[in-house]
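To start, the structure itself, in C-alpha cells.
The values are calculated or read from the model by the stated rules, or taken from the named source; none is laboratory data. Since the structure is predicted, the reported quantities are computational estimates derived from the model, not experimental observations. Counting neighbours? That spans all protein chains shown, and the Cβs are built from the backbone with ideal geometry, glycine included.
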C-alpha cells in the first residue's frame, strides 16, 4: 500500500500541508543537553561530580570515623543531627548512581553514534530525572534550613562539622542545578515528539 | 525538486514517513488542567486554598499576637525560629497571590470562552509556575527539615506552636503538589506547540 500510494498521487497534497504546518515548530533534534549528545554527557558528568563531592564531604570525616554525623554546639553542648546526614547522603547517593548510569548510556550512544530518541527511553529518563532532582533538591533545602537554624538562630556550630555540612549542602544544590536542564530538555523532547 | 523526486523514486519515503510520524503525536488541545479549562481553574483554586490555609495558620496565632513566630522548647528554654517562619510565609504568600491571579485569568477566559493558547502567555505561565513551585517546595522542605530536627532530635516542641508549624508545612506541601501538574501541563503544551 505504501509503495503504490505516491505513484497514484505524485503531488501529494495532504502531507505537504501537514509538513508546512510543521515548519515553524521547534524540533530541536540535536539540541545540546539531550541524551546522546556531548552536552548531555557533560551535564551528566557535572551532576555525578557534584553529587559524589557532596557524598565524599559527608563520608570522609577523618577525625570522626565511627559515624558520619553532623554535630553542632549549643551552650557548650554538642548535639548530633542524624536525620540531616542520613537523608542528604541517601538522596545524593541515589543522584550520583543515576547520573553515572546515564553518563555510561550517553558514552555508549556517542561511541556507536546511535541516537537516543526512542519514546520509551526518553520518558524513562524524564521520570528518573524528575524523581532524583526532586529528592536532591528536597534534601538540599532541608539541610539548608537546618544549617541556617543552627548557624544563625541557635548559636555556633561545632568547629568544622558545620562547615563540612554547609559545603555538602552547596554541592547538592549545584548537582540539582545541573539535573534540572536535563529534566527539562528530556521533558521538552518528549512533548515535542 | 520535490515535485520531480517522486517520479524518479515512486516509493517516496520522506513525506510519508514524516506524516506517519505525526499521527501518534499527542496534541492535547483541550487537556483538562491547562490554562483556560475547568480543570486548570480547579487546580488554581486548590493551590490558592492550601497556600492561604498555610498562611492563615502561621498568621493567626491568637495567643501570640505580637510576632508570628515559631517557638520550640529545649531543656525548658523556649527558642524562637525567625527564619523558618519568615521564609515559609513569604513563599506561601507569593504562591497564593500568583494562584489567585491565574484563577482570575482562567475565570475570564472561561466566561468569554477564549482559548489561552498564545505562546507568550503560556510561556509566562510556565515560568511563573516554575518559580513559585520551586520556592514553595524549598520553603516546605526547609520547614520540614527544621521540624524533624526539633521534634525528633532535639526535644519537644512548645505546646501548640510546633503542631501549627507542622500543619502549615503540610499545607505548603499540598499546595506544591497542586502547582506541579499546572507547571508540567503548561510546559508540555509549550513544547508540543
Residue in region B:157-172 that is modelled with pLDDT of 85 or more and within 21 Å of residue A:187 (Cβ to Cβ) present:
no
Residue A:107 versus (1) at pLDDT 75 or above; (2) within 28 Å of residue A:141 (Cβ to Cβ); (3) assigned to a helix (DSSP H, G or I): which is the lone unmet condition?
(2)
Taking interchain pairs and intrachain pairs at least six residues apart, which have beta carbon atoms under 9 angstrom, with the first residue in region A:24-37 and at negative phi and the second at pLDDT below 65 and surrounded by 14 or more Cβ atoms within 10 Å (Cβ to Cβ)?
A:34/A:28
Kindly indicate whether any position in region B:52-68 is farther than 17 Å from residue B:175 by Cα, within 14 Å of chain A (Cβ to nearest Cβ), modelled with pLDDT under 55 and touching a helix residue (DSSP H, G or I) at 6+ places or on another chain (Cβ under 6 Å).
no
